[in-house]
Amino acid sequence: MRRFVDPADFSREEVLSLLELARRLETRPEPHALSGKILGLLFMNPSLRTLASFQSGMARLGGSSFVITPGAGTWQLETRAGVIMDGAAAEHVNEGLPALASYCDALGIRVFADGKDLAADVSEQKFSAMSRLIDKPLINLESAVNHPCQSLADWKTLDELGVPRNGKFVLSWAYHPRPLPLAVPASTLHMAAMRGMEVVVLRPEGFALPEALMDKARRAASASGGSVRESTERNEALEGAHIVYVKEWALTANYGDEAADAAARRQLRDWSCTESWFSTSRPDARLIHCLPVRRNVAVADALLDSARSAVQRQAYNRLPVQMAVLYRLLKQAE
């Protein structure tokens, strides 16, 4: 394995193998496995769990890491091609990324979508251009429409919760005051489809996930015995659900139009998840959310603090699954 960028690059069996490795490293640590190895982490956008869990995972395997946050102690980096660099950015990724890659054994990159051009974001234009500059093992720390490490942790969480492979998984849009990227919902959708689940994307009108991402998930579901559909009817979608995965994302009907997005979501404040959403689900249905989450905006306090919430287990699982990714990239490739 040379790159961990998009879950669709791997077969279901390869994903299951990574999960098995994560469980092994969790119970039988190898504190010297990556001794002498260095992980570089480039964060073009903010992070909490991804940053901390990768540094912790590398240390637990005996390696070390460095973190670059452009503009915070380092030069700001320009990503656009052909641009006249007379603004704030002092360095272009064309020079910066090869230099960073030369200092480490693997490089992770986080760069969010611009949120302006749907086709460009769905095709991962920015991340793809940056990845072509790297000749070392590469990890996607979240891009325009992919967050593979989060999805791997989510799969492990579902296994630990005893959620059946063919259980009902509802990915529900939730209110947020600003448009958020598509990476987590897109990756979550694909993960649940690849696991073989009955997947329902619950969302208001105008917030449908792009057809290219839906088609990709349908192909994964077809291969695994699962299914994928959409719904705007909350009670119907949540009926019999094993898992409700709450996530916020941008208006796609007028993608990049800030005024249209604001007008659409202004009417949707009632899409804040509360215990009442679970009235038609299975009694033991669980809530998950990738975090960060705005309390009493996207999800109610009482629900997040209840036994129904599994968000902390989900967050913890970022550590073992990323250790497995690092091990596979840097140890087993030796």
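What is the sum of charges around Gly71, taking Lys and Arg as +1, Asp and Glu as -1, for the other residues whose C-beta is under 15 Å from the C-beta of Gly71?
Net local charge, Gly71 excluded: -1.
Using only alpha carbon positions, build the gyration tensor of the range 250-334, then give the equivalent ellipsoid semi-axes as the square roots of 5 times its eigenvalues, largest first, whole angstrom.
Details: eigenvalues 206, 105, 22 Å².
In descending order the semi-axes read 32, 23, 10 Å.
Calculate the length of the line joining the C-alpha centroid of the range 104-161 to that of the range 5-77, in whole Å.
If you average the Cα positions of each part, the centres end up 13 Å apart.
Just to compare against my own numbers: the Cα pair-distance distribution for the range 192-312, 5 Å bins, whole % per bin, please.
Once binned at 5 Å, the Cα pair distances of the range 192-312 give 2, 10, 18, 21, 22, 16, 9, 2, 0.
Taking all protein chains as present, what is the carbon and sulfur share of the accessible area of the range 278-334, in % to the nearest whole number, probe 1.4 Å?
The C+S portion of the solvent-accessible surface of the range 278-334 is 50 percent.
Would you mind getting the accessible area per residue of the chain, heavy atoms of the protein chains only, 1.4 Å probe, in Å²?
Working: 13960 Å² over 334 residues.
It amounts to 42 Å² per residue over the chain.
Given the pairs Lys116/Lys247; Lys126/Lys168; Lys116/Lys136; Lys136/Lys156; Lys37/Lys136, which span a C-alpha to C-alpha distance of over 23 angstrom in this model? Working shown, then result.
Working: Lys116/Lys247 20 Å; Lys126/Lys168 34 Å; Lys116/Lys136 30 Å; Lys136/Lys156 27 Å; Lys37/Lys136 12 Å.
Over 23 Å Cα-Cα: Lys126/Lys168; Lys116/Lys136; Lys136/Lys156.
Which listed residue (Leu97, Leu180, Val83) has the Cα farthest towards the positive end of the charge dipole for the range 81-180, taking +1 on Lys and Arg C-beta and -1 on Asp and Glu C-beta about the Cα centre?
Leu180
Keeping all protein chains in position, work out how much accessible area Tyr255 exposes to a 1.4 Å probe, and write it in Å² to the nearest 10.
40
Find the relative contact order for the chain and round it to a whole percent, using C-alpha pairs within less than 8 Å whose residues are 6+ positions apart.
RCO, the chain: 21 percent.
Kindly sort Glu26, Glu205 by accessible area of their heavy atoms, largest first, with the probe set to 1.4 Å. Working shown, then result.
Details: Glu26 60, Glu205 140 Å².
Highest to lowest solvent-accessible surface, that is Glu205, Glu26.
Shape verdict for the range 111-177, please, from the Cα gyration tensor: rounded (a/c under 1.5), prolate (a/b greater than b/c) or oblate.
Oblate, since a/c reaches 1.5 and b/c is not below a/b.
Shape verdict for the range 49-176, please, from the Cα gyration tensor: rounded (a/c under 1.5), prolate (a/b greater than b/c) or oblate. Display every interim value, and only then the final one.
Values: a/c = 2.39, a/b = 1.43, b/c = 1.67.
Because a/c hits 1.5 or more and a/b fails to exceed b/c, the range 49-176 counts as oblate.
Once the other residues with Cβ under 10 Å from the Cβ of Leu158 are scored (Lys, Arg +1; Asp, Glu -1), what is the net sum?
+1
List the extent of the Cα atoms of the chain along each of their three principal axes, largest first, rounded to whole Å.
54, 51, 36
If I compute solvent accessible area with a 1.4 Å probe over the protein chains, what percent of it on the range 34-116 is carbon and sulfur?
52
The values are calculated or read from the model by the stated rules, or taken from the named source; none is laboratory data. Keep in mind that this is a model prediction, so the values were computed, not measured. In this analysis, Cβ positions are derived from the backbone assuming ideal geometry, glycine residues included, and neighbour counts consider all displayed protein chains. These area figures cover heavy atoms from the full protein model, side chains too; ligands, DNA and RNA do not enter into them. Shrake-Rupley method; radii C 1.70, N 1.55, O 1.52, S 1.80 Å.
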